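What follows is one structure encoded as structure tokens, with my remarks underneath.
The values are calculated or read from the model by the stated rules, or taken from the named source; none is laboratory data. These figures come from a predicted structure and were not determined experimentally. When we count neighbours, we look across all protein chains shown, and the Cβ atoms used for this are built from the backbone with ideal geometry, even at glycine.
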Amino acid sequence: MTDPYHWLTESLTTLRQAHWYRSPQPLESPSGPEIRLEGRRLVNFASNDYLGLTQDPRLKAAAQRALEIWGTGSSGSPLLSGYGPLQAELEEKLARWKGAEAALVFSSGYLANVGTVLALVGPRDLILADEYNHSSLKRGAQLSGAKVCAYPHLDMAALSDLLEKYRAQARRCLILSDGVFSMDGDICPLPELLDLAEHYRAMALVDDAHATGVLGPAGAGSRDYFQGQGFTVPQFLQMGTLSKALGSLGGYVAGRREWIEFLRNRAATWVYSTALAPANLAAALAAVEIIQTEPEHLGKLWDNVRFLREKLTALPLARLPSQSPILGIGLPNAQSALAMSQNLRELGFFAPAIRPPTVPTSRLRLSLMTRHQPSHLQGLVNALKALSA
Ligand SMILES: *Cc1c(COP(=O)(O)O)cnc(C)c1O
């Protein structure tokens with residue numbers, strides 16, 4: 001018992017016993033509505049590539065061009081030598097799309113959240129956070145040393161109570177929420193959250209990883225979505241990723257020019273991490289351009305969402321409330337979620353079981369793409385029907 005790593009063996013055993021053990025499965029094809037996995041063709045309901053842009057020839061061409069001109073890497077952190085014209089252009093384009101004054105592009109969404117939270121708050125401060133927030137917001141909050149209070153999922157009355165109770169004792173206050181919740185697919189009540197933020201002089205950071213390129217008339221995310229419904233939405237910190245609907249890699253934060261200037265100086269995950277590769281930046285630029293000029297992709301995605309939602313409602317399944325292309329089906333425990341996922345797989349459909357510790361309750365998670373055909377969706381419905389009979 002002298003091996004200092006022995007506890008890892010025990011920990012892995014515990015994970016296996018709880019059916020929490022996970023390992024990645026290498027894809028044998030490019031990602032798309034159909035994939036090959038372990039020698040089998042499967043209809044894929046596990047992709048974040050909502051608009052199918054990872055396979056768009058225009059993104060590939062833009063990435064190739066950038067690669068030819070600029071090379072494979074950025075060669076430095078942004079303040080040293082890694083900041084190039086593609087990053088400047090992308091930051092400008094993202095800011096305009098998001099209705100913000102400026103934006104900052106990080107090497108990943110995870111780094112954008114952790115770096116931003118750590119730059120904004122510290123031990124004398126207060127963080128109020130939705131209990132279902134993404135790991136990157138949670139981890140940032142923990143690391144910041146601020147007092148962290150989680151409020152029940154989407155519960156603005158509870159958020160209001162916490163602000164009333166604790167805001168006055170803290171120097172600064174930061175409210176954290178996903179825009180679209182990544183494991184449930186429901187959305188943050190942004191206008192109410194921002195009203196509370198204003199009333200209690202709190203900052204707000206909203207994570208649009210699954211809203212960027214998906215929500216709102218222009219696909220610009222949560223702010224666009226609520227403005228489209230007639231709300232006037234003030235400026236707040238809009239975070240998102242380039243790696244989901246935008247088909248590339250990287251993350252961003254957009255907001256007022258001074259906020260971004262501050263982050264450029266104080267967000268350690270931006271200052272001390274190598275800037276994105278030119279090919280990633282060029283692909284993201286092409287993606288935003290396509291989303292802005294070809295609204296039909298977004299329209300098709302939402303047609304698919306409406307179609308599947310309607311079909312699922314008719315089945316004896318516990319569909320979780322969702323207003324996005326992420327649809328969840330609640331299951332009683334990790335084992336039953338795994339069994340459902342495995343059975344679907346035998347019928348030719350890939351939909352992962354999401355279990356604790358990622359989420360508090362086990363479920364099957366389906367995410368839809370523009371490139372899903374009616375036959376893909378109807379096939380899934382038939383399979384679910386057979387399995388739930
Ligand atoms: C994917 C995701 C992130 C992380 O973004 P990456 O660019 O993949 O690092 C952050 N927040 C949410 C809600 C996400 O779903």
Filtered residue count, the range 183-213, keeping only those that are near the ligand (Cβ under 10 Å from one of its atoms) and surrounded by fewer than 23 Cβ atoms within 10 Å (Cβ to Cβ): 1
PRO217 vs. criteria surrounded by fewer than 24 Cβ atoms within 10 Å (Cβ to Cβ), away from the ligand (no atom under 15 Å from the Cβ), in the same structural domain as LEU143 (by TED's automatic domain parsing) and closer than 25 Å to GLY32 by Cα: yes
Residues being more than 16 Å from the ligand (Cβ to nearest atom) and either surrounded by 24 or more Cβ atoms within 10 Å (Cβ to Cβ) or small (Gly, Ala, Ser) (or both) - total across the range 99-119: 4
The one condition in (1) more than 16 Å from the ligand (Cβ to nearest atom); (2) farther than 30 Å from LEU143 by Cα; (3) of a type outside the set (Gly, Ala, Ser) that TRP259 fails to fulfil: (2)
Test: residue in the range 139-159 that is surrounded by fewer than 23 Cβ atoms within 10 Å (Cβ to Cβ), at pLDDT below 95, within 16 Å of the ligand (Cβ to nearest atom) and of a type in the set (A, V, I, L, M): no
